[in-house]
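Structure record follows, encoded as structure tokens.
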Amino acid sequence: MDVFPKFIIETNDELVDCLILSKCTYHKQLATNLDKVKGGGWFRFSAADNAFIFYGSSDKFGEAKFEDIKKCVEECNVYTNIRCTRSISTKYKFLYDTQSELIPLN
């Protein structure tokens, strides 16, 4: 099966929203508890800008709200694994693509 760059926002047991991104086939593969996923989407990486760019929505969970994505970035809750260890928030730039502009998230 093909894998694609996808992300979700899931509320963990401590009631903290975490943005989890990785390459996978289905958005549900990024979740530890399907009932706590608030939405999802896609990302692309710009090596020139050292930035992750979020856009789109998940067929299973719907579109992640811009405010939720921004909050995860600002609170350093961006991870590349479902265990939510070692945040990547300070290593990269994050942008949101509205289809007409790129909005900085950090």
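Annotation: of all residues in the range 56-69 being buried (at least 18 other Cβ atoms within 10 Å of the Cβ) and under 12 Å from the mean Cα position of the chain (by Cα), the one that is nearest to Thr80 (Cα to Cα) is Ile69. Residue count for the range 60-76, restricted to those that are free of Cβ contacts under 8 Å to residues at least 40 places away in the same chain and either in contact with a Lys or Arg (Cβ under 6 Å, 6 or more places away or on another chain) or under 17 Å from Asn33 (Cα atoms) (or both): 2. Taken over the range 77-97, the criterion of being free of Cβ contacts under 8 Å to residues at least 12 places away in the same chain and of a type in the set (Ser, Thr, Tyr) is satisfied by Thr85, Ser87. Within the range 4-14, can one find any residue that is more than 11 Å from the chain's Cα centre (by Cα), in contact (Cβ under 8 Å) with a residue 60 or more places away in the chain and more than 15 Å from Ile88 (Cβ to Cβ)? Yes, some residue in the range 4-14 is more than 11 Å from the chain's Cα centre (by Cα), in contact (Cβ under 8 Å) with a residue 60 or more places away in the chain and more than 15 Å from Ile88 (Cβ to Cβ). Residues in the range 74-99 that are farther than 21 Å from Gln29 by Cα, surrounded by 13 or more Cβ atoms within 10 Å (Cβ to Cβ) and not charged (D, E, K, R): Ser89, Tyr92, Phe94, Leu95, Tyr96.
Among the residues of the range 39-55, those that are touching a Lys or Arg at 6+ places or on another chain (Cβ under 9 Å) and either of a type in the set (Gly, Ala, Ser) or surrounded by 18 or more Cβ atoms within 10 Å (Cβ to Cβ) (or both) comprise Gly39, Gly40, Gly41, Phe43, Ser46, Ala51, Phe52, Ile53, Phe54. When the range 7-17 is filtered for residues that are in a strand (DSSP E or B), surrounded by fewer than 22 Cβ atoms within 10 Å (Cβ to Cβ) and of a type outside the set (Asp, Glu), only Thr11 remains. Quickly run through the range 24-38 and pick out the residues that are free of Cβ contacts under 8 Å to residues at least 24 places away in the same chain and surrounded by 13 or more Cβ atoms within 10 Å (Cβ to Cβ). Listed by number, the residues that qualify are Cys24, Gln29.
Here, each number is a calculation from the coordinates, and none is a lab measurement. In this text, all values refer to a predicted model and were calculated from it rather than measured experimentally. Positions of Cβ are backbone-derived with ideal geometry, glycine not excepted, and every protein chain shown enters the neighbour counts.
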